[in-house]
Amino acid sequence: MSNTTVGIVGLSITIFFILGFASLFIYNPQTIEEVNNVTTIASFNITGMNGRWLAAYIIYLMIGLLNLTFVFGLFRMSKNDTPIIIGKILILIAGLTWTSFGIIPWDPYSDTDIHTVIIRVIAMMIVIPVGLIFIAIEFKKMIKDKFLKYYTLTTGLTILIMGILSLFVFNDQTFIRTNISLVIYFLWFGVFGLRLLQIRNGQEGSQTKSTSS
């Protein structure tokens, strides 16, 4: 998988993330009312919800599979040495977990289902920031770009800080911080992908100028 393909996949993740939620709310304007007891954007695959198929197939399954494809592309971008391989594996786990939200619908009136959703959300909030930080540590082994390195590190640290706040300051704002963290995470893919495409276009432009000279 080329860097260009990885860039396209990354950008697609962010686009589908935005369009997926927009489509869900347009298709079912009452979504907020239907899920008034649901506090995380990772849990819209609710049995009986109008438009549940949009959440299951677009927001979770499609984006989850694109996440997995993106990580496999990262594996191809560099030698998989420690610690960078740790970061890739953790982001792979995050992708698998996000995909599981589309595969397994849940009943908001079932304590077992509620706990299962919460456990998976907590798992993502642990593996995502740690994975991004590990990737940023040896980012130059994948691609030499200071912007992406520090953007990845900043993203990981921001999500980590929000997670720590949620752990020690558990209140009504906890899931708001979780949702913000997930949005920041899925925006990271788009920025990463767009930057890869910019670098690729810049390299092609330089080669064209060299050939013309």
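The listed residues are Leu157, Leu182, Leu196, Leu148, and the only one of them that is aliphatic (A, V, I, L, M) and open to solvent by 10 Å² or more (accessible area, probe 1.4 Å) turns out to be Leu157.
Being more than 18 Å from Phe16 (Cβ to Cβ) and buried (at least 18 other Cβ atoms within 10 Å of the Cβ) is the filter here, so list the residues in segment 59-75 that pass it.
Leu74
Annotation: Gly48 fulfils all but one of (1) out of contact with any helix residue (DSSP H, G or I) (no Cβ under 6 Å at 6 or more places or on another chain); (2) closer than 23 Å to Ile180 by Cβ; the unmet one is (2).
With respect to Thr31, determine if the residue is modelled with pLDDT under 95 and either within 14 Å of the chain's Cα centre (by Cα) or open to solvent by less than 70 Å² (accessible area, probe 1.4 Å) (or both). The answer is yes for Thr31.
Tell me, which residue of segment 94-110 that is among the aliphatic types (A, V, I, L, M) and in a helix (DSSP H, G or I) is farthest from the chain's Cα centre (by Cα)? Across segment 94-110, the extreme among qualifying residues is Ile103.
Screening segment 100-117 for residues that are of a type in the set (S, T, N, Q) and modelled with pLDDT of 90 or more and picking the one that is surrounded by the fewest Cβ atoms within 10 Å (Cβ to Cβ) gives Thr112. Residues that are open to solvent by 50 Å² or more (accessible area, probe 1.4 Å), touching a residue at least 40 places away in the same chain (Cβ under 8 Å) and closer than 22 Å to Val127 by Cβ are absent from segment 40-58.
Just one of the listed residues (Ile143, Ile91) is part of a loop (DSSP other than H, G, I, E, B) and open to solvent by less than 50 Å² (accessible area, probe 1.4 Å), namely Ile143.
The values are calculated or read from the model by the stated rules, or taken from the named source; none is laboratory data. Note that this is a predicted model, so its numbers are computed, not measured. As a convention, Cβ positions derive from the backbone with ideal geometry for all residues, glycine included, and neighbour counts pool all protein chains shown. Just so you know, the surface numbers come from the protein's heavy atoms only, side chains and all, with ligands and any DNA or RNA stripped out. Shrake-Rupley method; radii C 1.70, N 1.55, O 1.52, S 1.80 Å.
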